[in-house]
Amino acid sequence: MTDPLAGIRILDLTHVLAGPFCSMSLADLGAEVIKIERPESGDDTRAFPPFVGGKSAYFAAINHSKKSIALDLKSDADRDIFERLLPHADIILENFRPGVMERLGYGYDDLHAQFPKLIYGAVSGFGHTGPDAKRPAYDMVVQARGGVMSITGEKGRDPVRVGASIGDIIAGMYLAQGVLAALVDRTKTGIGRKVDIAMLDAQLAILEHAIAITTVTGTPPVPTGARHPSIAPFETFHASDGLFVIAAGNDVLFEKLCVALNLPLSDDPRFATNPARVDNARLLKRLIEAVTIDKTRAHWIAKLGAAGIPSGPIQSVDQVLRDPQILARNMVVDVLDRNGRPAFKAAGNPIKMSGLGDPAVRTAAPELDGNRGEILRWLAGTAGKPL
């Protein structure tokens, strides 16, 4: 069994989340990742709580299975090490502001001239082109500017940030997708490409219904809470013991829902089609809740599930980590400490692929500069072979 990215070596200069999420995803597919960090402080997330034994759980969850070397790319000695690593890399990842790598002499044009097979992956707030290319950004900035916050939250309330850091994570996913496409292209051309991912662009790319609504109607959507603006019923509903979700995404499912709830609505012209149901979504919600409020969430989830209607509980993260389906898919894994003992929990690899290993543990997140000696010995004697 060979992991699909076995033999692919990545020099990862990224920090915090978007870039490290990308390199973590590629490491899970078998790539060898050498994390290049700032001397003394390293990746910012090493200082992010919570901590176990003085080590950041956040850092461990995103940087397991990597090796670390601390290099100051303004230092001649460290630049020499970096330049000795470059010939043995397939991919370089960076998330500095545009222009930083160029000032260091390691921009795409410089590296491509010396190492034409090297794939150069860059992720930044606004990309390497455009009037705002050099502006700083964080996850919340692009969620706000990219329109996601404008449709997130309850109607009439202040906009809210999505609870997960989707500004970073979606950009990291697109970066992984881009460098994988560049790897495929390199097998045909022998030439590496530059992959330029903007966090702001990535936010726009996930606004599928919002763009459609705005461009057709001329009116941008507003927050609708848990309700989908283009499908009904597709939101939360009250049971006797709290909220659960129903997602009846087409007419057939709505008819099954009406049968399961004993609600004679499927032939009612106000609800017979999805556009009609969307127009009357508030009334439909009240009619459904008049039935569901009498029994528990578990009762309705079981009954609707038996009828083939998508529904589910609203779980807290601790409940998710105990969910039998999640556990059966090996989506909660142990991250070891440097002594080989389980120390942290992290999400498993959601890419399940034939022939790809899916271990229940991940090797430890590296100590800052913890692999310097190993890397230098490798460079001196066995460069080109896996570390």
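Just a few scattered comments:
- Cβ-Cβ distances below 9 Å connect the following pairs, each with a first residue in region 315-338 that is closer than 16 Å to Ser65 by Cα and touching a residue at least 40 places away in the same chain (Cβ under 8 Å), a second residue that is small (Gly, Ala, Ser) and in a helix (DSSP H, G or I), and a separation of six or more residues or different chains: Val335/Ala57; Val335/Ala60; Val335/Ala61; Asp337/Ala60.
- Unique residue being more than 23 Å from Leu180 (Cα to Cα), in contact with a helix residue (DSSP H, G or I) (Cβ under 9 Å, 6 or more places away or on another chain) and of a type in the set (A, V, I, L, M) when the list is Ile92, Ile69, Ile62: Ile69
- Residue in region 352-360 that is under 26 Å from the mean Cα position of the chain (by Cα) and surrounded by 14 or more Cβ atoms within 10 Å (Cβ to Cβ) present: yes
- Identity of the residue in region 361-370, touching a helix residue (DSSP H, G or I) at 6+ places or on another chain (Cβ under 8 Å) and aliphatic (A, V, I, L, M), that ends up surrounded by the fewest Cβ atoms within 10 Å (Cβ to Cβ): Leu368
- Test: residue in region 230-253 that is surrounded by 15 or more Cβ atoms within 10 Å (Cβ to Cβ), assigned to a helix (DSSP H, G or I) and outside the structural domain of Pro98 (by TED's automatic domain parsing): yes
- Note on region 26-45: residues that are surrounded by 22 or more Cβ atoms within 10 Å (Cβ to Cβ) and part of a helix (DSSP H, G or I) total 3.
- On inspection, Ala181 passes the criterion of being in a helix (DSSP H, G or I), surrounded by fewer than 16 Cβ atoms within 10 Å (Cβ to Cβ) and of a type outside the set (Asp, Glu).
- The set of residues in region 204-228 that are in contact with a His (Cβ under 9 Å, 6 or more places away or on another chain) and surrounded by 17 or more Cβ atoms within 10 Å (Cβ to Cβ) contains only Pro221.
- Residue within region 193-203 that is exposed (fewer than 15 other Cβ atoms within 10 Å of the Cβ) and either outside the structural domain of Lys285 (by TED's automatic domain parsing) or among the small types (Gly, Ala, Ser) (or both) present: no
- The C-beta contact set for region 246-272 (first residue at negative phi, second residue hydroxyl-bearing (Ser, Thr, Tyr) and crowded, with 18+ Cβ neighbours inside 10 Å, distance under 6 angstrom, 6+ apart or interchain) comprises Ile246/Ser311.
The values are calculated or read from the model by the stated rules, or taken from the named source; none is laboratory data. If you're wondering where the values come from, they're calculated on a predicted model, not measured in any experiment. When we count neighbours, we look across all protein chains shown, and the Cβ atoms used for this are built from the backbone with ideal geometry, even at glycine.
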